[in-house]
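Please read the structure below before turning to the comments.
The values are calculated or read from the model by the stated rules, or taken from the named source; none is laboratory data. No experiment lies behind these values; they were computed from the predicted model shown. Virtual Cβ from ideal backbone geometry, glycine too; neighbours counted across all protein chains shown.
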Amino acid sequence: MATSTTLSTTIYNPLYECMPREELAALQLRRLKDVTARAYNHVPAYRAKCQTLGVTPLDLETLEDVRHFPFTVKTDFRDNYPFGMFAVPMEEVVRIHSSSGTTGKPTVVGYTANDIDVWSEVIARSLGCAGVTRKDVVQVCYGYGLFTGGLGVHYGAERLGCTVIPISGGNTKRQVMIMEDYGSTVLASTPSYALYMAEVAQEAGMRDKLKLRVGIFGAEPWSEGMRHDLEKNLGILAIDIYGMSELIGPGVANECEHQCGLHMFEDHFYPEIIDPDTAEVLPAGSRGELVVTTMTKEALPVIRYRTHDITSLHYERCGCGRTMVRMDRVTGRSDDMLIIRGVNVFPSQIEEVLTNIEGTAPHYQLHVRREGSLDELELWVEVTETVLKDEIRSLETLSRRIMSEIHSVLGLTCRVKLVEPKTIERSEGKAKRVIDHRKG
Ligand code: DLL
């Protein structure tokens with residue numbers, strides 16, 4: 001029998017995620033006391049907020065008391081740019097990441113060596129949830145650099161003991177060639193980029209030569225329909241991974257093989273759901289804005305961060321045996337939600353409709369314009385090659401069907417512009433789905 005010549009480096013222990021909930025609650029309370037004290041004592045901007053509300057870490061006696069603490073919001077990072085939210089001296093910070101900062105200054109996040117260790121652990125758990133093992137070859141196509149996706153997944157996959165291909169995003173033909181030549185079994189990328197890679201693999205006649213079996217997709221909203229397409233086009237199990245830079249990066253929550261919500265790693269992240277308008281905490285199961293406290297982060301402890309992501313939390317035990325809460329797929333950010341003639345629209349809702357209509361490709365763009373005093377939505381949708389060849393079915397019928405489905409699901413009238421295959425720009429990272437011409 002062949003024996004391994006190297007020792008496993010993995011310290012990943014799946015049993016942690018099955019901890020009884022009473023034990024978890026006791027751990028959370030201890031950690032919440034620590035983290036509120038750390039933020040209060042070392043982050044002047046957070047202490048000032050607490051003083052305005054008249055709370056101190058000593059007021060935290062039960063888990064419910066968290067709701068008396070002030071929220072942290074994106075502008076806190078901007079107002080204290082670049083390092084003012086850090087709770088440790090810079091000599092303890094071993095890594096910096098930041099958001100792209102397309103509007104205004106980027107959001108800067110920092111990590112101590114211990115933070116990197118926790119991050120690797122939660123990513124290793126995420127991959128473990130998806131059934132990935134040290135026998136897998138993980139092609140990391142999330143961007144490496146200031147974006148958290150590439151390096152985040154990289155360290156966690158190494159922690160699990162996988163073979164990692166740190167290819168980053170871009171150069172799609174080469175991605176597919178390497179996927180085949182190096183025998184990648186796991187693809188980690190945005191779902192929109194994975195779809196593009198599938199298209200390129202198909203065109204190059206390489207689809208059947210790939211050994212992929214799992215996709216770890218996140219960093220942008222995606223729909224069940226898109227999951228179906230990715231699973232079919234790549235022959236994989238498509239798994240949802242959630243995270244954000246301010247909280248750590250990817251690895252805050254991840255789906256297991258049951259694909260029924262994302263398990264949040266509640267020993268490190270304490271979740272609440274609030275009404276985005278009133279900021280009231282909502283009961284379990286309600287849909288609202290996710291608020292997260294990072295309980296173990298040292299360099300950048302974040303108390304009650306308003307993520308703007310809309311979801312709900314479910315505490316019933318999952319079939320996989322994990323006890324940690326499951327959050328629903330994030331359909332979009334409250335600040336990315338479009339309001340068109342009074343109707344709230346998330347691009348992912350449109351995607352869900354399109355993926356159920358035969359003849360359309362899941363490549364689309366929403367163009368919003370103001371015409372007179374009214375907002376107009378024009379939906380650009382790519383059709384498939386088969387539809388173009390099909391002489392019986394008219395394009396007119398297809399666009400009427402799309403309009404009618406969107407109207408029945410969203411109550412919104414829109415115009416539909418069908419475009420030829422491969423006209424809509426492909427993304428190598430987060431897809432740009434909305435072009436809002438109202439913003440000039
Ligand atoms: O996107 C971290 C990440 C990298 C997550 C790789 C998953 C995989 P940010 O650039 O700070 O961080 O963007 C965070 O992206 O607030 C959500 O709106 C969105 N997002 C992230 N994951 C998902 C997901 C990374 N699975 C923002 N589904 C978040 C829907 C997601 N939206």
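Annotations
- Taken together, Gly110, Gly84, Gly131, Gly145 contain a single residue that is surrounded by 23 or more Cβ atoms within 10 Å (Cβ to Cβ) and at pLDDT 95 or above, which is Gly110.
- Residues located in segment 171-201, provided they are under 22 Å from Ala361 (Cβ atoms), within 16 Å of the ligand (Cβ to nearest atom) and either of a type in the set (Asp, Glu) or not in a helix (DSSP H, G or I) (or both): Leu187, Ser189, Thr190
Condition check ((1) surrounded by fewer than 16 Cβ atoms within 10 Å (Cβ to Cβ); (2) in contact with a Ser or Thr (Cβ under 7 Å, 6 or more places away or on another chain); (3) outside the structural domain of Glu289 (by TED's automatic domain parsing)) across all residues:
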| position | (1), (2), (3) |
| --- | --- |
| Gly321 | yes, no, no |
| Gly342 | yes, no, yes |
| Ile357 | yes, no, yes |
| His363 | no, no, yes |
| Leu374 | yes, no, yes |
| Lys389 | yes, no, yes |
| Ser408 | yes, no, yes |
| Arg415 | yes, no, yes |
| Thr423 | yes, no, yes |
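- Looking across segment 299-328, the residues that are within 17 Å of Glu266 (Cα to Cα), touching a strand residue (DSSP E or B) at 6+ places or on another chain (Cβ under 7 Å) and assigned to a loop (DSSP other than H, G, I, E, B) come down to Pro301, Val302, Ile303, Arg304, Ser312, Cys318, Arg322, Met324, Val325, Asp328.
- Among residues of segment 213-225 being over 18 Å from Pro250 (Cβ atoms) and touching a strand residue (DSSP E or B) at 6+ places or on another chain (Cβ under 9 Å), the one that is farthest from the ligand (Cβ to nearest atom) is Arg213.
- For Asp117: the one exception among (1) out of contact with any Cys (no Cβ under 6 Å at 6 or more places or on another chain); (2) of a type outside the set (Phe, Trp, Tyr); (3) in contact (Cβ under 8 Å) with a residue 24 or more places away in the chain: (3)
- Evaluation of Arg174 against the conditions (1) of a type outside the set (S, T, N, Q); (2) under 20 Å from Ser120 (Cβ atoms); (3) more than 20 Å from the chain's Cα centre (by Cα) shows that the sole unmet condition is (2).
For (1) modelled with pLDDT under 95; (2) outside any loop (DSSP other than H, G, I, E, B); (3) surrounded by fewer than 19 Cβ atoms within 10 Å (Cβ to Cβ), each residue gets a yes or a no:
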{"residue": "Arg227", "(1), (2), (3)": "no, yes, no"}
{"residue": "Leu247", "(1), (2), (3)": "no, no, no"}
{"residue": "Ala253", "(1), (2), (3)": "no, yes, no"}
{"residue": "Glu266", "(1), (2), (3)": "no, no, no"}
{"residue": "Gly285", "(1), (2), (3)": "no, no, yes"}
{"residue": "Thr293", "(1), (2), (3)": "no, yes, no"}
{"residue": "Lys297", "(1), (2), (3)": "no, no, no"}
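- In segment 87-100, the residues that are within 16 Å of the ligand (Cβ to nearest atom) and buried (at least 16 other Cβ atoms within 10 Å of the Cβ): Arg95, His97, Ser98, Ser99
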